[in-house]
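A.B. asks: What follows is a single structure, and I will ask about it in a moment.
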Amino acid sequence: MKDLYLEKDFKRGKEKTMLKLIEEVGELAEAILLEDEEKVSEEMADIIAWVFSIANLYNINLSDAFKEKYNQACPKCNKKPCICDSI
Ligand SMILES: [Zn+2]
């Protein structure tokens, strides 16, 4: 993602890049409501791409951050699998 978009992401900035992510989340919601599985897949990929762009703007290693928070157990109940009451 850095090779593809880092320069553009810096020019756009953090706030506008966040708005792009929100836009894609809206498109995912629409695809889910329309039960368009192909579009759901595409929109999910777009969301991940924008999350990576934001991570790059903060120089965050998203893979490390994800593993640190979710690899061992649920961050709330500290169990694997999660036994939290909420769905
Ligand atoms: Zn849990």
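Only the coordinates and a few stated rules stand behind these numbers; no lab work does. Quick caveat: nothing in here was measured; it's all calculated off a predicted structure. Backbone-built Cβ (ideal geometry, glycine too); neighbour counts: all protein chains shown.
A.B. asks: If you go through the range 26-53, how many residues are among the β-branched types (Val, Ile, Thr) and under 9 Å from the mean Cα position of the chain (by Cα)?
C.D. replies: 3
A.B. asks: Whether any residue in the range 72-84 is of a type in the set (S, T, N, Q), more than 16 Å from the ligand (Cβ to nearest atom) and without any contact (Cβ under 8 Å) to a residue 24 or more places away in the chain is what I want to check.
C.D. replies: No, because not a single residue in the range 72-84 is of a type in the set (S, T, N, Q), more than 16 Å from the ligand (Cβ to nearest atom) and without any contact (Cβ under 8 Å) to a residue 24 or more places away in the chain.
A.B. asks: So, one more: Can you pull out the helices (runs of 4 or more DSSP H) entirely within the range 1-57 that have at least 2 residues that are surrounded by 16 or more Cβ atoms within 10 Å (Cβ to Cβ), out of contact with any Cys (no Cβ under 7 Å at 6 or more places or on another chain) and without any contact (Cβ under 8 Å) to a residue 24 or more places away in the chain?
C.D. replies: 14-33, 37-57
A.B. asks: What about Lys69, is it within 14 Å of the ligand (Cβ to nearest atom) and assigned to a helix (DSSP H, G or I)?
C.D. replies: Yes: the conditions hold for Lys69.
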